[in-house]
Amino acid sequence: MKNFRYQIINNILLLISFIVSAGSGVFMWFVFPSGEKTGRKVVMGLSKHDWGDIHAYVSFLMIALIIIHLIQYWPFFKNMKRLWKAKQ
């Protein structure tokens, strides 16, 4: 039961990090144009580079959570391999 609680917490954090990463990426794409002199625009007190930093750090967190997720569900993947062999 303790492991299940960690899986739920990891899945929720993974969902939140995905939403923040995707949201910040789409936000930067629409709000900040590409090209010269785009770093001067400030939205909600943050420049384009600050938004990029947030996007990058949350994306790195999401990668770490994906690795933890795969480790947690590794027995499931091993069983799926065994079941696929049994069906053939």
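In the range 1-30, the residues that are farther than 30 Å from VAL42 by Cβ form Cβ pairs under 6 Å with partners that are of a type in the set (Val, Ile, Thr) and part of a helix (DSSP H, G or I), at six or more places apart or across chains, as follows: ASN10/ILE68. Taken over the range 5-24, the residue count meeting the criterion of being more than 8 Å from the chain's Cα centre (by Cα), over 15 Å from ALA64 (Cα atoms) and either aromatic (Phe, Trp, Tyr) or loosely packed, with under 14 Cβ neighbours inside 10 Å (or both) is 3. I need every pair where a residue in the range 67-88 that is in contact (Cβ under 8 Å) with a residue 24 or more places away in the chain has its Cβ under 7 Å from the Cβ of a residue that is among the hydrophobic types (A, V, I, L, M, F, W, C), sequence separation at least 6 or different chains. Between residues of the range 67-88 that are in contact (Cβ under 8 Å) with a residue 24 or more places away in the chain and residues that are among the hydrophobic types (A, V, I, L, M, F, W, C), the close pairs are HIS69/LEU14.
With a requirement of 1 or more residues that are β-branched (Val, Ile, Thr), the helices (runs of 4 or more DSSP H) lying completely within the chain that satisfy it span 2-31, 48-72.
For the range 33-88, give me each residue that is surrounded by 13 or more Cβ atoms within 10 Å (Cβ to Cβ), polar (S, T, N, Q) and within 29 Å of LYS2 (Cα to Cα). Answer for the range 33-88, where residues must be surrounded by 13 or more Cβ atoms within 10 Å (Cβ to Cβ), polar (S, T, N, Q) and within 29 Å of LYS2 (Cα to Cα): SER59, GLN72.
Since every read-out is calculated from the coordinates, none of them should be taken as a lab result. All of these numbers come straight from a predicted model, not from anything done at the bench. Virtual Cβ from ideal backbone geometry, glycine too; neighbours counted across all protein chains shown.
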